[in-house]
Each structure stands twice: as C-alpha cells, then as structure tokens.
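In what follows, a single structure is set out as structure tokens and then discussed.
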Amino acid sequence: KMSTEAFRFAEVFSYESLVHAMAGAAGSVTAMTVFFPLDTARLRLQVDEKRKARSTPAILSEIVKEEGLLAPYRGWLPVICSLCCSNFVYFYCFHSLRASWLRGHKSTPSRDLLMGIAAGVVNVLVTTPLWVVNTRLKLQGAKFRNADIRPTNYSSIMDAFVQIIEDEGVGALWNGTFPSLLLVLNPAVQFMIYEGLKRQLRSLVHRELLSLEIFLIGAVAKAVATTFTYPLQTVQSILRFGQHKQHTDRSPLLNSLRSVMYLLINRVRKYGMLGLFKGLEAKLLQTVLTAALMFLLYEKIASSTFSVMGVKRPASSH
C-alpha cells in the first residue's frame, strides 16, 4: 500500500508541477510579448552608455525613427524562447521543491525564499546561454551612441551559438552567470512577497482573490524585487553583451567578481549613484506590468487546468 501511495504522490506532484510550469511559461510569454518594447528601451539604456536617459516613450520613438517600426520588437523570438524555457524550469523547480519539502506543512516566507533561491540557481545554470544569445540578437543592428561597440552578424539563434563558441570559447555562453546567480534573489524575493501578500489577503477576505487583486500583488512584489536588484541587472546586461574586456589572469570566479565590482564602481564614478539605476524607469514599467500580467495569467491558467482535469489544488499551493 505504501508503494502505491508513494507512486500516486510522485505522479500527482509531477503532474501538478508540470501544470504550474506550463501555466507560468504561457503567462510569461504572453505578458512579455505585450510589453516587449519597454524591455528594448531598458536594454539600450543599460548597454549604450552614451545614450541619454530620457522617458521611455522618447527612447522608443528615437529607436523607431532611426531603425524602423519593428525595431522595438527586434530579438523577440530568442527572448520568447529563452523566457519560455526559463520560466518553465523555474516554476517546475519551485513547485516540485514545494510539494516534496512542505508535505502538508504550512508555507512560510523564509521557506518560499529558500525554494525560490534553489529554483533560481538551477534556472540560471541551465538557461544562461540562451539569455547571452538573446541579449546579442536583441542588440544586433542597433544604432549605438557609443562608437566603441563592435557590430555582430548572427543570422539565427543557432548561428549565434556557433559564432560565440568559435570566437570567444564555450565559457562566453555563461557570461554574466555570477551576477545572474546573485540575481536569483530577484525572483526569490518576488515570489516570497507575492506568496506572502496572497496569504495575508486571503486570510482577510476569506475568498478566492479577484483578478485585479492578483494583478496588484504581482505588481508590488516585482517592483520591490526589481528596484532592490537593478544595479546588478545592468552589470549582467553589459557582461552578456560581451563587449566588456574581462581580466584573464585569475580563476573564473575571481574574474567574475572583479568584473562585477569594476563595472559597478566605474558606473558610479562616471555617472554618480543614479548611474546604477539608468533605465530603471523603463525596467520598472516593463517588469512590473509584465510580472503582474504573468501572475494573473498563471493563476488563471493553473486553476482552470486543475478544475478541467478535476484535480483539487493542494492547500500548500495557496
């Protein structure tokens, strides 16, 4: 009897994690597509030092004027592929860990944070090469204010992989991994705040949350997490872009640490503390709206899938 129970548990737990993973991936892809031009504006501000930080609509109208109507959607496919894989891995790991670790116990913010960090580390190690390639493709053909930036010529996702490996070695596919590992705090903090606020609000209203409430909770969680980790996101973008000369005289970890510190200090020296937050307005606008819409779609897709399949969602996922 024990073995059939264990088998049933494994089956349900993997099925549930799969539903959460698919719902998370579908929700994020839809949300990212809607707000994609805002991400384009943010990336340009982070990577192109000579570009003046202005309002997001002004940056986008400049990009459209100089590079054509579809320029804000440049690199959409690789970003969507990366995002789909990334969120699938993240949601799957998060909910698998949760199902195996909680086993009927109540979820707490510290547990949510730890599970978020563990899921984030797996996600970073698996999907960083995809993000390196999509940062390059998104910036290919862009008109930069900074004349030192070398143009690239990738014809597809696979071609970008091949060229990067040939020209810069396999390790270049994991450029920016160190800040990315530090940045697992972002989704972890976001999930912790999101789950915490959801629990608090549920205990107050004693009913299923409305769409608007889920949207607002998702927005608040992402706004706090993004502002908290934004300087590292700028460094991560610069490293993934691959134009920063890295020292090669020490171990990879020391090089990564030196690169991160050098880029942060250099940015402050050139532009003051606010230089670390260049592009934050575009980033907040994009990620807060994207995350809010993603959480809303994720909750709706997951709950409707569970009800269609006749599976009662476990208490631990509330």
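The values are calculated or read from the model by the stated rules, or taken from the named source; none is laboratory data. This structure is a prediction, so every number in the text was calculated from the model and none was measured. Glycine gets a Cβ as well: all are built from the backbone with ideal geometry, and neighbour counts include every protein chain shown. We work out accessible area using only protein heavy atoms, side chains counted, and drop any ligands, DNA or RNA first. Shrake-Rupley method; radii C 1.70, N 1.55, O 1.52, S 1.80 Å.
Just for the Cα atoms in the stretch 106-185, what are the lengths along the principal axes, largest first, rounded to whole Å?
Principal axes ranked by extent give 53, 28, 19 Å for the Cα atoms.
Accessible area of ILE80, 1.4 Å probe, to the nearest 10 Å²?
Here the accessible area works out near 20 Å².
Once neighbouring chains are kept in place and the probe is 1.4 Å, which whole percent of the accessible area of the chain is contributed by carbon and sulfur? Before the final figure, lay out the partial values.
Working: 10510 of 15300 Å².
Looking at the chain in its full context, I get 69 percent from C and S.
For the pair SER100 and LEU182, what calculated FRET efficiency results from E = 1/(1 + (r/R0)^6), where r is the Cβ-Cβ distance and R0 = 30 Å, to the nearest 0.05?
Numbers: r = 26 Å, r/R0 = 0.87.
That pair, LEU182 with SER100, gives E of 0.70.
Just subtract the alpha-carbon distance of ASN266 and GLU213 from 0.36 nm times their residue separation and send over the number in nm, one decimal.
Working: separation 53, 0.36 × 53 = 19.08 nm, distance 4.10 nm.
Result: 15.0 nm gained on full extension.
Accessible area per residue for the stretch 26-101 in Å², computed with a 1.4 Å probe and the full protein assembly in place, what is it? Before the final figure, lay out each step's value.
Numbers: 3010 Å² over 76 residues.
Ligands and nucleic acids excluded, the figure is 40 Å² per residue.
Take ILE217, ILE265 and sort them by solvent-accessible surface of the protein heavy atoms, 1.4 Å probe, largest at the top. The partial results should precede the final answer.
Values: ILE217 15, ILE265 80 Å².
Correct descending sequence by accessible area is ILE265, ILE217.
For the stretch 47-147, just the Cα set please: Rg and Dmax, both in angstrom.
19.0, 58
With respect to the cross-link table entries LYS278/LYS300; LYS50/LYS283; LYS143/LYS278; LYS52/LYS300, which display a Cα-Cα separation exceeding 29 Å? Walk me through the intermediate numbers first.
Values: LYS278/LYS300 34 Å; LYS50/LYS283 18 Å; LYS143/LYS278 19 Å; LYS52/LYS300 40 Å.
Table pairs above 29 Å Cα-Cα are LYS278/LYS300; LYS52/LYS300.
Using a 1.4 angstrom probe on the protein heavy atoms only, line up LYS106, LYS143 by accessible area, largest first.
Numbers: LYS106 160, LYS143 105 Å².
From most accessible down to least: LYS106, LYS143.
Leaving out same-chain residues fewer than 8 places away, which aspartates and glutamates sit with a Cα under 15 Å from that of LYS106?
Cross-link targets: GLU195.
Kindly report the accessible area of the stretch 145-199 per residue (heavy atoms of protein chains, probe 1.4 Å, no ligands, DNA or RNA), in Å². Please report the intermediate quantities before stating the final value.
On the way: 2660 Å² over 55 residues.
Accessible area per residue, the stretch 145-199: 48 Å².
How high is the relative contact order of the chain, in percent, counting Cα pairs under 8 Å that sit 6 or more residues apart? Can you show the working numbers first?
On the way: 400 pairs, mean separation 91.8, N = 318.
Averaging sequence separation for qualifying contacts and normalising by length gives 29 percent for the chain.
Is any helix in the chain, taking whole DSSP H runs, at least 30 angstrom long along its axis by alpha carbon and on average at least -1.0 on the Kyte-Doolittle scale, and which ones? Each step should come with its number before you reach the end.
Values: long enough: 2-34 (48 Å, 0.66); 76-102 (37 Å, 1.03); 109-139 (38 Å, 0.86); 211-241 (38 Å, 0.98); 280-309 (41 Å, 1.07).
Helix filter hits for the chain: 2-34, 76-102, 109-139, 211-241, 280-309.
Treating each Cα of the stretch 174-239 as an identical point scatterer and ignoring solvent, apply the Debye formula and state log10 I(q)/I(0) at q = 0.14 Å⁻¹.
Summing over Cα pairs of the stretch 174-239 leads to -0.49.
Over all Cα pairs of the chain, how is the pair count split among 20 Å bins, expressed in % and running from 0 up to the last occupied bin?
Binned Cα distances yield the sequence 31, 55, 14, 0.
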